[in-house]
1. Test of the criteria: in the chain, which trypsin sites (Lys or Arg not before Pro) are in a DSSP loop and have at most 13 other Cβ atoms within 10 angstrom of their Cβ?
2. Per DSSP helix of 4 or more residues, -39500 (n - 2.57); summed, then divided by the residues of the chain. What does that give at 222 nm, rounded to the nearest 500?
3. Please determine, in degrees from 0 to 90 and to the nearest 10, the orientation of helix 66-82 with respect to the longest principal axis defined by the Cα atoms of the chain, where the helix direction is its Cα long axis.
4. With the crude spin-label approximation of a point 7 Å out along Cα→Cβ, what separation in nm comes out for residue 56 versus residue 28?
5. Compute the Rg to Rh ratio over the chain from the alpha carbon atoms, using the Kirkwood formula for Rh, and round to two decimal places.
6. I'd like the FRET efficiency for residue 38 and residue 13, computed as 1/(1 + (r/R0)^6) with the beta carbon distance as r and R0 of 41 Å, rounded to 0.05.
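Every read-out reported here was derived from the displayed coordinates using simple, explicitly stated rules and does not represent laboratory data. Small disclaimer: the values here were computed from a predicted structure and weren't measured. Cβ sites come from the backbone with ideal geometry, for glycine too, and all protein chains shown count toward neighbours.
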Amino acid sequence: MEDQGIVRLYLQRSQQAIIETKNKYGAYCRMIARNTLSSYSDIEECENDTYLGAWNAIPPNLPRKFPVFLGRITRNIALDKHGY
């Protein structure tokens with residue numbers, strides 16, 4: 001599914017948005033979290049928190065570059081978990 005379609009699902013408050021995000025960007029989010037965190041459970045929790053963060057941020061935000069948007073959320077969550 002294209003990024004615009006995923007964002008549209010978030011705007012419609014469809015839970016399918018989370019599934020599509022995980023299918024397309026799950027590995028990407030885990031890789032970003034893995035750069036900061038070493039525990040698999042922390043990485044997995046960070047990934048799930050990213051989906052919640054995207055759910056809460058769209059709307060009002062409309063990301064222009066969805067992977068960058070998710071990457072920023074993931075990185076910030078991982079840094080908070082790590083204690084930076």
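1. 13, 64, 65
2. -25000 deg cm²/dmol
3. 30 degrees
4. Result for the modelled spin labels: 2.2 nm.
5. Value, to two decimals: 0.96.
6. E(calc), rounded to 0.05, equals 0.75.
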